[in-house]
Amino acid sequence: MYFLLFCILGTGAWESALTNTLSPGDRIVSFLIGQFSLLWIDQQQRLKFNVDVVESEWGQGANLDVLAEKLAADRTHTIKAICIVHNETATGVTNNLATVRKLLDHYGHPALLLVDGVSSICALDFRMDEWGVDVALTGSQKALSLPTGIGIVCASPKALEATKTAKSVRVFFDWNDYLKFYKLGTFWPYTPSIQLLYGLRAALDLIFEEGLDNIIERHSRLGKATRLAVEAWGLKNCTQKEEWFSDTVTAVLVPPYIDSSEIVKRGWKRYNLSLGLGLNKVAGKVFRIGHLGNLNELQLLGCLAGVEMILKDVGYPVKLGSGVAAASAYLQNNIPMIPSRI
Ligand SMILES: Cc1ncc(COP(=O)(O)O)c(C=O)c1O
């Protein structure tokens, strides 16, 4: 059985996951693969955990060979938690959580598995039970398609047990306060953002109506169609290998003579299109196309057409319609009938 708790935003959900299950000085293994994993690691260090940072080049996934080495060497179980961002939103990289679980089981290692699912949960295949995830967290503003404002944290019985010995200072995020109120049937220890909870109810209705499996398949089509368009434009995906391709966000590398921030600005100012900036190490080098949440294939084609016009505006030699043609040829062969309308 798992428990659901709410807090404020993804960053708050990170803090809630860490402080409720760990004590200052605890050794954790954390993977640095992009801006959001970097920010989580910064938080882990500021909360005084002893973090083994496993760094990969941006555009690559978590280095699980290093994890295997660390687990094999850790016979006395000094590692208390593995922290991993399932989908790195800054680079469009999806990590393989099934392999993380396999490694933990292979070495019989009891470390908690804490997962940031902010840009994956309700869009990508995410199996809390099967992968033995101890804390999974997300934010309202991503695949749930709500405004920003709530972080959702799901804790396993093992994670709840860990709260009994975790010595990190926690006040606003203390799970015990939530659990006390759950028992009383009032569910929230503070004034809840009730409008967002009504929104969450409506978002879940949409998710149940479409079906989670169908949602995951839709995101797989959106991801594939976007990648085909990028290829047709003659541009490269920031994600270096197919095994890490993300179906919720694609970071597109631009040639060195173009500043990718100009693409994002142009999209906003001329076409009313929101693209994502390149962050930190990849600032100016990539722009990001988000394709998650309540978005259908035709909406994506509109976005791809917009990107083509912007690319032409900034001096990249793109043939208008080339990416849209590649994406729509694939989509026309792969979009299923809408079950309720057959
Ligand atoms: C993967 C990931 N984790 C965490 C965060 C931080 O969430 P928030 O900005 O809601 O605090 C984000 C934000 O985009 C994210 O993409």
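The values are calculated or read from the model by the stated rules, or taken from the named source; none is laboratory data. Bear in mind that the values here come from a model prediction, so they are computed numbers and not experimental data. Neighbour counts run over all protein chains shown; Cβ positions are idealised from the backbone, glycine included. For accessibility, only protein heavy atoms count, side chains too; no ligands or nucleic acids. Shrake-Rupley method; radii C 1.70, N 1.55, O 1.52, S 1.80 Å.
Couple of notes before you dig in:
- Most simply put, segment 78-212 has about 45% antiparallel DSSP beta bridges, counting only bridges with both residues inside it.
- For residue 107, residues with placed amide H under 5 Å, excluding near neighbours: none
- The antiparallel fraction among DSSP beta bridges confined to the chain stands at about 50%.
- Fraction of accessible area attributable to carbon and sulfur, the chain (%, probe 1.4 Å): 56
- Rg(Cα)/(2.2 N^0.38 Å) for segment 3-200, N = residue count: 0.98
- Here the contact order of the chain, divided by its residue count and restricted to Cα pairs under 8 Å and six or more residues apart, works out to 18 percent.
- Residues whose amide H lies under 5 Å from that of residue 139, counting only those 5 or more places away or on a different chain, are 152; hydrogens are built 1.01 Å from N in the peptide plane.
- Angle in degrees between helix 212-232 and the longest Cα principal axis of the chain, rounded to the nearest 10: 50
- Note on residue 319: lysines with a C-alpha under 17 Å away, same-chain residues under 8 apart excluded, are 236.
- When the trypsin sites (Lys or Arg not before Pro) in segment 101-155 are filtered for DSSP coil states and for at most 13 other beta-carbon atoms within 10 Å of their beta-carbon, the remaining sites are 127.
- Probe 1.4 Å, protein heavy atoms only - accessible area per residue of the chain in square angstrom: 47
- Structure note, pairs 48/158; 48/167; 265/285: Cα-Cα distances above 19 angstrom occur for 48/158.
- Aspartates and glutamates whose Cα lies under 19 Å from that of residue 241, excluding same-chain neighbours fewer than 8 positions away: 55, 57, 65, 88, 125, 231
- Extending 7 Å from the Cα toward the beta-carbon at both residue 191 and residue 231 defines two label points whose distance is 5.3 nm.
- Estimated vicinal HN-Hα couplings, Hz - segment 170-177 in sequence order (Karplus 6.51, -1.76, 1.60; Gly, Pro = x): 8, 10, 4, 9, 5, 4, 4, 5
- Ellipsoid semi-axes in whole angstrom, largest first, where each is sqrt(5λ) of the Cα gyration tensor of the chain: 35, 24, 18
- Between the Cα long axis of helix 64-73 and the first principal axis of the chain there is an angle of about 20°, rounded to the nearest 10.
- Computed from the C-beta positions of residue 42 and residue 164, the FRET efficiency with R₀ = 25 Å rounds to 0.35.
- Distance histogram for segment 212-341 (every C-alpha pair counted, 10 angstrom bins, percent rounded to whole numbers): 13, 46, 32, 8, 1
- Label point 7 Å beyond Cα of residue 172 along Cβ direction - residues of segment 134-156 with amide nitrogen under 13 Å: 149-151
- A straight chain from residue 283 to residue 201 at 0.36 nm per residue would run longer than the Cα-Cα distance by 25.9 nm.
- Whole-Hz ³J(HN,Hα) from phi, Karplus 6.51 cos²θ - 1.76 cosθ + 1.60, for segment 294-299, glycine and proline x: 7, 9, 9, 5, 6, 4
- Protection proxy ranking, peptides 50-61, 107-118, average beta carbon neighbours within 10 Å, highest first: 107-118, 50-61
- For residue 31, the amide hydrogen comes within under 5 Å of the amide hydrogens of 54, 83, 85, counting only partners 5 or more places away or on other chains and with H modelled in the peptide plane.
- Normalised contact order of segment 212-341, rounded percent, pairs of Cα under 8 Å and 6 or more residues apart: 29
- Note that segment 24-75 carries a Kirkwood radius of 11.5 Å, evaluated over its alpha carbons pair by pair.
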